[in-house]
Amino acid sequence: MTAARAWWKEAVVYQIYPQSFNDSDGDGVGDLQGIIERLDYVASLGVDVIWLNPVYQSPQADNGYDISDYRAIHEAYGTLDDWEELLDEIHARDMRLVMDLVVNHTSDEHEWFQRSRRGEDGYRDYYIWREGETDEYGDPTPPNNWGSFFGGSAWEYDEKGESQYLHLFHEKQPDLNWENPEIRSDIYEMIDWWLEKGIDGFRMDVINLISKPEGLPDGDPDSDPVGVEQFANGPRTQEFLNEMAAETFDDYDAMTVGECVAIDVDIAGDYVSADGPLDMAFHFQHMQLDQQDGWWSIEDWSLPDLKSVMAEWQTDLDGWNTVYLGNHDQPRIVSRFGDDEEYREASAKLLATFLLTHQGTPFLFQGDEIGMTNCPWASFEEMRDADAKNRVALALESGDIEDYDEAREVVEFRSRDNARTPMQWDDSHNAGFTDGDPWIKVNPNYEDINVAAAETAEDGILSYYRELIDLRSDLDVLVYGEYELLLPDHETVYAYRRTLDEPSVDVDDVLVVLNVSPTETGVSVPVDTDAALLFGNELDASDASSESHDSIDLDLQPYEARLYDLS
Ligand code: GLC
């Protein structure tokens, strides 16, 4: 059955990381006026929605995911007036704006936390406080063995509050106590305030962590400390999300996409099915493939494993998918899933094809449309990511590593800084991002990889993105078509078919073939019809016709991507 139509299903989303997009005032930090200056570029991609990472007032312990005032704009980014102008300018270009909603936690500098730690009437219960025990030296020991996402214990002793508070992320990001109805209604009011301003939806940060298991039970005492399986998808998650939707989004034509850690396709269905509280969810199952043993490992991922994760979501999810390969928390996609050296261009185009032809709403991250890569870090001091910094500090402290060099390979690959280096606009100083000193290193490859150069490269990555985004908006089958995985076990060729049961459209059957390898590959694809080339990244590829009646034979160049019309 074809899914019901909705604008956010047909949309392509472009993610803007404000610190690193464009700096208009020379302080080295991207800002709202900087984004406005570049909106024509964003619109020229053909994308429909901008997702803006947090721009709220924040001490920036975790780059804006630590919010100290939900209704104010972070000073370095501009003012609320700048923000209003941005919204108008986005709408004037027929695009929409989705804001980040970070309500699992606030900054410890938020007024709520300040009042809570002082025990002010009505505020103590805004956060999660526990007395905890003390050890033989009288030092506080954590109330349970939960670990923070950024490494170490999820508890911090607060002198002023005279007890410990829960922080599933940075110690400057205390978790809100969603059991408290007061906090919920404050949050719903804030959500409404933004929706009333005319925004078009929210990306909801770690939203399936808001309900904590009753009694905050210890995890397995033998593993030290224990992680997300203890506290994700808590007992009241669904109830809180339903309540939030009923109190806020349901009255607006807004899209919602929840970032959900530790979900599988069944749990996701509870959140995003037709009568579920959210429109879409981000899952992490494909992001885990190269780190099955955790953050400190970089494992080889296999294409059949990636296919099987994707195919399960594509065919079994009761709801609408998101399609993404990277974002501000992940390595650059071409460095992780492609080849950022010899086949950078071909593999970046292949990944674009992957993103724009699966079933679900594609989320593109700034810079991927010109094939930006991971950054060559010269030293640990160049890095900014609170997560990577914390992990290295803890590993040094515990003696797991003796010096940074031991950690270097993993940190340089995994650090979220890779995605956060400034957008590369041209080959001028600092890649045209800022006239000042950039807050984070500019990737030295900006002299070759930049928007200005990409604009002049006929048949380059940028024009490939534009054409494919266009094609997707022309062809319903790429949006609403059913998905069928072909050749599930092939080690290097990723092939799938999209079909639409809609007699009125011309193209209702599309084959996608991706050679995810640096070697020329011959493959026989099991489709029983003639195939006319529709789109691809090798211009001399030709139509394929079935030699037998149940397959077509293709010879694919390294990292070649092709779309065939099988209608
Ligand atoms: C999400 C954000 C990430 C942030 C974390 C805590 O995973 O994407 O950047 O550090 O939540 O808010």
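General observations
- Every residue from region 235-250 that is open to solvent by less than 10 Å² (accessible area, probe 1.4 Å) and under 17 Å from G269 (Cβ atoms): T237, L241, A245
- Of all residues making up region 233-270, the number that are within 18 Å of the chain's Cα centre (by Cα) and closer than 20 Å to V102 by Cβ: 9
- Within region 391-437, being polar (S, T, N, Q) and within 21 Å of the chain's Cα centre (by Cα) holds for S415, N418, T421, Q424.
- Among the residues of region 150-168, those identified as part of a strand (DSSP E or B) and either surrounded by fewer than 22 Cβ atoms within 10 Å (Cβ to Cβ) or in contact with a Gly (Cβ under 6 Å, 6 or more places away or on another chain) (or both) are S153, E156, Y157, D158, S163, Q164.
- Test: D222 is farther than 27 Å from N63 by Cβ and modelled with pLDDT under 95: yes
- The combined condition, being more than 20 Å from the chain's Cα centre (by Cα) and at pLDDT below 95, is not fulfilled by A92.
- Scanning region 169-193 for residues that are of a type in the set (F, W, Y) and buried (at least 20 other Cβ atoms within 10 Å of the Cβ) gives F169, W178.
For every residue, the table says whether it meets (1) of a type in the set (A, V, I, L, M); (2) in the same structural domain as G536 (by TED's automatic domain parsing); (3) touching a Gly at 6+ places or on another chain (Cβ under 9 Å).
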{"position": "M310", "(1), (2), (3)": "yes, no, no"}
{"position": "Q314", "(1), (2), (3)": "no, no, yes"}
{"position": "R332", "(1), (2), (3)": "no, no, yes"}
{"position": "R336", "(1), (2), (3)": "no, no, yes"}
{"position": "R344", "(1), (2), (3)": "no, no, yes"}
{"position": "Q366", "(1), (2), (3)": "no, no, no"}
{"position": "M372", "(1), (2), (3)": "yes, no, no"}
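- For region 130-149, the criterion of a residue being under 26 Å from Y56 (Cα atoms) and open to solvent by 60 Å² or more (accessible area, probe 1.4 Å) is satisfied by no position.
- Any hit, region 187-208, residues being under 28 Å from the mean Cα position of the chain (by Cα), farther than 28 Å from R384 by Cβ, part of a loop (DSSP other than H, G, I, E, B) and within 16 Å of the ligand (Cβ to nearest atom): no
- Test for F149: is it in contact with a strand residue (DSSP E or B) (Cβ under 8 Å, 6 or more places away or on another chain), within 22 Å of G215 (Cβ to Cβ) and within 15 Å of the ligand (Cβ to nearest atom): no
- Residues located in region 412-429, provided they are open to solvent by 20 Å² or more (accessible area, probe 1.4 Å) and either within 16 Å of the ligand (Cβ to nearest atom) or outside any loop (DSSP other than H, G, I, E, B) (or both): E412, F413, R416, H429
- Any hit, region 395-403, residues being open to solvent by 70 Å² or more (accessible area, probe 1.4 Å) and touching a residue at least 40 places away in the same chain (Cβ under 8 Å): no
- For region 265-285, the candidate set comprises residues that are free of Cβ contacts under 8 Å to residues at least 40 places away in the same chain and in contact with a Phe, Trp or Tyr (Cβ under 9 Å, 6 or more places away or on another chain); within that set, the residue that is most open to solvent (accessible area, probe 1.4 Å) is Q285.
- The C-beta contact set for region 286-302 (first residue within 21 Å of C260 (Cα to Cα), second residue part of a loop (DSSP other than H, G, I, E, B) and among the hydroxyl-bearing types (S, T, Y), distance under 9 angstrom, 6+ apart or interchain) comprises H286/Y324; M287/Y324; L289/S302; D290/S297; Q291/S297.
- Listed here are the helices (runs of 4 or more DSSP H) enclosed by region 277-386 that have at least 3 residues being out of contact with any Pro (no Cβ under 9 Å at 6 or more places or on another chain) and among the aliphatic types (A, V, I, L, M): 303-316, 344-357.
- Scope region 311-332; condition open to solvent by less than 10 Å² (accessible area, probe 1.4 Å) and away from the ligand (no atom under 16 Å from the Cβ); matching residues: W313, N321, V323
- Hey, P59 under 30 Å from N177 (Cβ atoms) and open to solvent by 20 Å² or more (accessible area, probe 1.4 Å) or not: yes
- Test set (1) within 16 Å of the ligand (Cβ to nearest atom); (2) farther than 19 Å from P18 by Cβ - V102 fails condition number: (2)
- Extreme residue, farthest from the ligand (Cβ to nearest atom), among residues of region 333-346 that are under 25 Å from D62 (Cα atoms) and touching a residue at least 40 places away in the same chain (Cβ under 8 Å): S335
- Screening Y123 with (1) more than 30 Å from A43 (Cβ to Cβ); (2) hydroxyl-bearing (S, T, Y); (3) within 16 Å of the ligand (Cβ to nearest atom) gives one miss only, at (3).
- Complete set of residues in region 52-62 that are within 11 Å of the ligand (Cβ to nearest atom) and under 10 Å from P18 (Cα atoms): N53, P54
- D121 meets all of the listed conditions (1) open to solvent by 30 Å² or more (accessible area, probe 1.4 Å); (2) touching a residue at least 60 places away in the same chain (Cβ under 8 Å) but one, namely (2).
The values are calculated or read from the model by the stated rules, or taken from the named source; none is laboratory data. Please read all numbers here as calculations on a predicted model, not as lab measurements. Don't worry about glycine lacking a Cβ; one is built from the backbone with ideal geometry, like all the others, and counts go over all protein chains shown. For accessibility, only protein heavy atoms count, side chains too; no ligands or nucleic acids. Shrake-Rupley method; radii C 1.70, N 1.55, O 1.52, S 1.80 Å.
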